[in-house]
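Encoded as structure tokens, the structure appears first; notes follow it.
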Amino acid sequence: MKRRRKIILPTVAVILLAAVGLFVFLELRIDGVRDEFSSLEAKSIASSALSEGLEKTLVDRKLNYDDVVSFTYDSEGNIKSLSINTVILNTIGNEIGSKTDEYINSVEAYKVSLPVTSLFGSQLFAGMGPDISFYVTMRGITSTKFENHFEDDGVNQTRHQIFLDVTVRMNIVFRGEVTVVEYNSDVCIAESIIVGEIPSTFADF
């Protein structure tokens, strides 16, 4: 009887150690995979939020190229100067940023799911099996800036495009820890073909 106990105790200890080791391994794998899936989900949410912000702002305003760009000409009809209405552009950028953040922050918690097989890094069974789900809080902070692009578009023609450069900073909160993910996108909000020569100073602008 004593001998059997001597055999059982080491066996139980080995099983417990193996169980603890498996638990630690799964915890580490879950943390790594969770961060990866959360980052992908955050970028997807930021993309959808930006589309919503752009649609609501630009459709409501019905922005045209002539609303933000004006030209002056010399006596021969050549372009003398080009002026950008930065007040309108900054107002539009702020509205897009606010609506994008509003879309992201309107949800209390986002559900993120990952296949249990993803914990073992197997390519053969990737995406298979039941999902492990958890909830994270996401908050967005959007910043915008505008860029002008000029390029040749034929004989004596120049294409002028005004791009909105958007950066959405996603803060992912889980168990008191914060992970920051950035989503960047360039959106053309106005363009036109300018006929005539453009002074080099504006082409460089």
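A few notes on this one:
- Residues that are among the polar types (S, T, N, Q), at pLDDT 90 or above and within 12 Å of PHE150 (Cα to Cα) within region 161-203 comprise just one, GLN161.
- Selection status of ALA18, modelled with pLDDT of 75 or more and either of a type outside the set (Val, Ile, Thr) or assigned to a helix (DSSP H, G or I) (or both): no
- Of the residues GLU36, GLU41, the single one that is within 30 Å of MET138 (Cβ to Cβ), of a type outside the set (Lys, Arg) and modelled with pLDDT of 85 or more is GLU41.
- Considering residues of region 56-99 that are in contact with a helix residue (DSSP H, G or I) (Cβ under 9 Å, 6 or more places away or on another chain), acidic (Asp, Glu) and modelled with pLDDT under 90 only, the residue surrounded by the fewest Cβ atoms within 10 Å (Cβ to Cβ): ASP60
- Residue match in region 135-151 (condition: farther than 17 Å from ALA42 by Cβ and either in a helix (DSSP H, G or I) or at pLDDT below 80 (or both)): no
- Whenever a residue of region 72-97 is among the acidic types (Asp, Glu), its partners that are part of a helix (DSSP H, G or I) and surrounded by 15 or more Cβ atoms within 10 Å (Cβ to Cβ), lying with C-beta atoms within less than 7 angstrom and at least six residues away or across chains, give the pairs GLU95/THR57.
The values are calculated or read from the model by the stated rules, or taken from the named source; none is laboratory data. Bear in mind the structure is a predicted one, so any value in this text is a computation, not a measurement. Methodologically, a virtual Cβ is constructed for each residue, glycine included, from the backbone with ideal geometry; neighbour enumeration extends over all protein chains shown.
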